[in-house]
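First comes the structure, then the notes that go with it.
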2 protein chains.
Amino acid sequence: MIQTPMSGKIVREKITEMNLPSVGLASIRELNRIVNNIEKATTQKFIRMEMGIPGLDPPAIAVESEVEALKMGVGSKYPPFDGIPELKNEIARFIKKFMNIEVQPESCFPTVGSMQGCYMGLMVSARRKKGKDKILFIDPGFPVNKRQVKVIGLQSESFDIYEYRGEKLRLKLESYLEKGQFAALMYSNPNNPAWICFTEEELKIIGELATNYDTIVLEDLAYFGMDYRKNYGVPGEAPFIPTVARYTDNYILLISSSKSFSLAGQRIGMTAISQKLFTSEGDGLEDFFGSPVFGRAYIFGAMYALSSGVSHSAQHGLTGLLKAVNDGEFKFLEPVKEYADRARVMKRLFTENGFKIVYDMDDQEPIADGFYFTLSYPGFNGVQLVEELLFYGISAISLAITGSDRLEGIRACVSMTDASQFPVLEQRLKQFHQDHSSGFRAIDTY
Amino acid sequence: MIQTPMSGKIVREKITEMNLPSVGLASIRELNRIVNNIEKATTQKFIRMEMGIPGLDPPAIAVESEVEALKMGVGSKYPPFDGIPELKNEIARFIKKFMNIEVQPESCFPTVGSMQGCYMGLMVSARRKKGKDKILFIDPGFPVNKRQVKVIGLQSESFDIYEYRGEKLRLKLESYLEKGQFAALMYSNPNNPAWICFTEEELKIIGELATNYDTIVLEDLAYFGMDYRKNYGVPGEAPFIPTVARYTDNYILLISSSKSFSLAGQRIGMTAISQKLFTSEGDGLEDFFGSPVFGRAYIFGAMYALSSGVSHSAQHGLTGLLKAVNDGEFKFLEPVKEYADRARVMKRLFTENGFKIVYDMDDQEPIADGFYFTLSYPGFNGVQLVEELLFYGISAISLAITGSDRLEGIRACVSMTDASQFPVLEQRLKQFHQDHSSGFRAIDTY
């Protein structure tokens, strides 16, 4: 009789208690709760890979700058909706120094997390031109962006990039955009959940089509610069971070501070809009936002109404951090390189024990090690594999909830697992592979 | 030849430069810019009463609590969407101690300013029940709430309370609600711009009708407790702050930290929802927010999508402040009483010089002194009066942009004017009255 690392009886009990149609299709938050409940009941710890929670400390320079601003009394003064001038300047400098893209400080501003940046980007883009109001997602992607589309009340379509890498992307993308209904297309790069990165050739195709069909590209850079195959960390020096902004003026860049800067708690992200788009007009904007000018609609319509700006002290914190980064005094990609180091080991532990990486290539090149990777195991689809792994004390989410067509796959996040846990992970994976080589399936047993 | 305090030529020039259809109908932000431009060109200072910007320092306990949390490293950890448990508890305690209303901590949470609270309240309420999707404003009101309705894509109606005080409110309100289309009704209390406060009789009428017609009351308490006719400042002791929550379970309370707590910079407000509403279901919610349950739609739909919560350190700052307030250690209404003291003097200076208070009574009782008051002057409508006063170095906004029917009126905010400026104000008002007694009108002269 096989004993799984977590008591099969308890795991089944806790799954049943949640009363879900399918545990493998559970949302990240629901899965999180099940795992908490199993840990509590068994008093054993999981290898937790279901949530993309950054696990590092905030940079000292950000904390110090924010503390100083609080002591100066900024807490009682309304911040400008579009950010304090010093921060707007540093965001523009940051984009110049690490992406080699010129953006005006006027059209660079903080948002309440890049989450609010995505919401605003989707909302304002979809109302720019009458009749052009749908969103196209290049999947797989972050499920919450699709929730945002529904909250706003928009329609969307999507396709999985897996079969359309390189030049194949052009025809596929054009088959959507040529309908003329797409206000914007959205993707994350590096990609959540697959950690694929678009090649320059692919970004060029996206940019060209965005210009031709007047569709705005919402480029979600939630893992800014965290592709460690190249050294993107030296300000003002090549190589620069790949971006569609090199190939079109129809762009909105969405940069998170949560992962690259370990500032998830302060809810402060950055949005940068091309000058051409920022100063352009659209016939759908005035009814909603009180101005036909895109940038005015964004700031005095959307930002004013959503939250009237971002925490004043957090703006000073980010300003201090960005200044140090831009001046070359704080190498922001070095602490977070930890995630890539973990991924390298963890991917090896999985693949040595019968697992396969699902999204494994960027066109011709193997994908980078980073915050996430994707996995499959023979004889299981992703939904089953999520459930099966719970019995082995490992939690992840199914790719099915990310818009992926690769239904065999699951997403693993490395952020909550450090080197001290690798021996436990290895031992559990060895047992998993051994048990399953003999035809065992916990989900059919308990 | 009459010389106005500000050069007539320059004032006219700066008005013309802005190229507005009417300076008296300008938005607060536009007026703000004109005044800045006149101040720069004349090197003379205005008595600035156009903007409702709190002018006091943040409370030390809030600053200290936030600094401590930052030093503990909360900046890198995602906060829970619905707030840290300590803060949820203190918000519920605060509402119990100052309003004598029982709300569960579960349905009390921080928002990114009460601005986000209002946005969420409008958005989720309007989608609760299919076919019940309009908003009713009891005016006059904060113009940005009407912008929020447009940004969300909703329809609204409104009426001016002026002619419908006391029992007269019932029939008027019922004439709207009986149509069955109103998802929510909204008002601010104390009122921005008129500083009227609803009587208990009026709140009872609103509550009863809200229950009868299943319409949610969005009670905007942006100036929480700042009616100084009564002493609302002792925790756990009567008198308690008036609220519709005493008369219906269909309420959402929106409490700002900006004015009562002098925390405008940190963008952290509070929302409290009745337990009955929080746990209720609506047939319109799931499509937008992924759950038919009101509270789940609010937190895991709206809050997740809008900003995924509020600055982690600001939550600790507000927790520390509320704890001190609830324990009776920090008397939050004492520092902000300054606003009422100013209003008393400033109202006298205006009325001694020919001005009248427009909204002057709460049913049978004179209105309180507070953050705002309303004014008129014989021979001018409000739009003209805003423009005329610019020549006298005094800035205010027209009531016409607040939904008021009292088109003779303007709104004055006391927050940017301290006692040191009263002599200048008095001198300018004396000249204003003297000049106009002789039939002079700057707007016709320059």
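For this structure, a couple of remarks:
- Of the residues in segment A:208-223, at least one is aliphatic (A, V, I, L, M) and assigned to a helix (DSSP H, G or I).
- In segment A:187-210, the residue that is surrounded by the most Cβ atoms within 10 Å (Cβ to Cβ) out of those that are in contact with a helix residue (DSSP H, G or I) (Cβ under 6 Å, 6 or more places away or on another chain) and within 26 Å of residue A:374 (Cβ to Cβ) is A:193.
- Considering (1) surrounded by 24 or more Cβ atoms within 10 Å (Cβ to Cβ); (2) outside any loop (DSSP other than H, G, I, E, B), the lone condition that residue B:258 does not fulfil carries the number (2).
- Among (1) touching a His at 6+ places or on another chain (Cβ under 8 Å); (2) of a type in the set (A, V, I, L, M, F, W, C); (3) over 30 Å from residue B:86 (Cα atoms) - the single one residue B:34 does not satisfy: (1)
- Among the residues making up segment A:331-375, those that are open to solvent by less than 60 Å² (accessible area, probe 1.4 Å), farther than 30 Å from residue A:88 by Cα and part of a loop (DSSP other than H, G, I, E, B) are A:353, A:354, A:355, A:358, A:359, A:363, A:367, A:368, A:369.
- From B:83, B:75, residue being small (Gly, Ala, Ser) and more than 10 Å from chain A (Cβ to nearest Cβ): B:83
- Only a single criterion out of (1) part of a helix (DSSP H, G or I); (2) open to solvent by 10 Å² or more (accessible area, probe 1.4 Å); (3) in contact with a Gly (Cβ under 8 Å, 6 or more places away or on another chain); (4) not polar (S, T, N, Q) is not satisfied by residue B:378, namely (1).
- Of all residues in segment A:311-318, none are open to solvent by 40 Å² or more (accessible area, probe 1.4 Å), within 11 Å of another protein chain (Cβ to nearest Cβ) and without any contact (Cβ under 8 Å) to a residue 24 or more places away in the chain.
- Filtered residues of segment B:42-63 (kept if part of a loop (DSSP other than H, G, I, E, B), more than 10 Å from every other protein chain (Cβ to nearest Cβ) and open to solvent by 20 Å² or more (accessible area, probe 1.4 Å)): B:43, B:44, B:45
- Complete set of residues in segment B:404-446 that are open to solvent by 40 Å² or more (accessible area, probe 1.4 Å) and among the hydroxyl-bearing types (Ser, Thr, Tyr): B:420, B:437, B:438, B:445, B:446
- Selection within segment A:94-135 - among the polar types (S, T, N, Q), away from chain B (no Cβ under 14 Å) and not in a helix (DSSP H, G or I): A:100, A:104
- Any hit, segment B:2-24, residues being within 14 Å of chain A (Cβ to nearest Cβ), open to solvent by 30 Å² or more (accessible area, probe 1.4 Å), in contact (Cβ under 8 Å) with a residue 40 or more places away in the chain and not in a helix (DSSP H, G or I): no
- So residue A:328, is it within 14 Å of another protein chain (Cβ to nearest Cβ) and either hydroxyl-bearing (Ser, Thr, Tyr) or open to solvent by 10 Å² or more (accessible area, probe 1.4 Å) (or both): no
- Considering segment B:272-291, the residues that are more than 14 Å from chain A (Cβ to nearest Cβ) and open to solvent by 20 Å² or more (accessible area, probe 1.4 Å) include one that is farthest from residue B:82 (Cα to Cα), namely B:283.
- One residue stands out among those in segment A:243-255 that are farther than 25 Å from residue B:75 by Cβ and surrounded by 22 or more Cβ atoms within 10 Å (Cβ to Cβ): the one that is nearest to the other protein chains (Cβ to nearest Cβ), which is A:252.
- Flag for residue A:90 being surrounded by fewer than 22 Cβ atoms within 10 Å (Cβ to Cβ), assigned to a helix (DSSP H, G or I), at negative phi and touching a residue at least 24 places away in the same chain (Cβ under 8 Å): no
- When residue B:184 is tested against (1) outside any helix (DSSP H, G or I); (2) touching an Asp or Glu at 6+ places or on another chain (Cβ under 7 Å); (3) surrounded by 20 or more Cβ atoms within 10 Å (Cβ to Cβ), exactly one condition is not met: (2).
- Check on residue B:66, surrounded by fewer than 17 Cβ atoms within 10 Å (Cβ to Cβ), within 14 Å of chain A (Cβ to nearest Cβ), in a helix (DSSP H, G or I) and at negative phi: no
- Residue in segment B:392-403 that is open to solvent by 10 Å² or more (accessible area, probe 1.4 Å), without any contact (Cβ under 8 Å) to a residue 40 or more places away in the chain and in a loop (DSSP other than H, G, I, E, B) present: no
- When B:342, B:296 are checked against the criterion of being basic (Lys, Arg) and within 14 Å of another protein chain (Cβ to nearest Cβ), B:296 stands alone in meeting it.
- Lone qualifier among A:394, A:401 - being touching a strand residue (DSSP E or B) at 6+ places or on another chain (Cβ under 6 Å) and not aromatic (Phe, Trp, Tyr): A:394
- Residues of segment B:110-148 satisfying the condition of being aliphatic (A, V, I, L, M) and either within 23 Å of residue B:262 (Cβ to Cβ) or surrounded by fewer than 24 Cβ atoms within 10 Å (Cβ to Cβ) (or both): B:112, B:115, B:136, B:144
- When the residues of segment B:1-20 are filtered to those that are of a type in the set (Ser, Thr, Tyr) and modelled with pLDDT of 95 or more, the one that is farthest from residue B:430 (Cα to Cα) is B:7.
- Answer from A:225, A:269, A:236 - the residue that is among the small types (Gly, Ala, Ser), open to solvent by 10 Å² or more (accessible area, probe 1.4 Å) and under 30 Å from residue A:312 (Cα atoms): A:236
- Contacts under 7 angstrom Cβ, first residue in segment B:340-354 being without any contact (Cβ under 8 Å) to a residue 60 or more places away in the chain, partner open to solvent by 30 Å² or more (accessible area, probe 1.4 Å) and acidic (Asp, Glu), 6 or more apart: B:344/B:369; B:347/B:369
- The one condition in (1) among the basic types (Lys, Arg); (2) under 23 Å from residue B:46 (Cα atoms); (3) not in a strand (DSSP E or B) that residue B:406 fails to fulfil: (2)
The values are calculated or read from the model by the stated rules, or taken from the named source; none is laboratory data. None of the values given here were measured: they were computed from a predicted structure. Heads up, the Cβs are rebuilt from the backbone with ideal geometry, glycines too, and the neighbour counts pull from every protein chain shown. The area values use the complete protein model at the heavy-atom level, side chains included, leaving out ligands, DNA and RNA. Shrake-Rupley method; radii C 1.70, N 1.55, O 1.52, S 1.80 Å.
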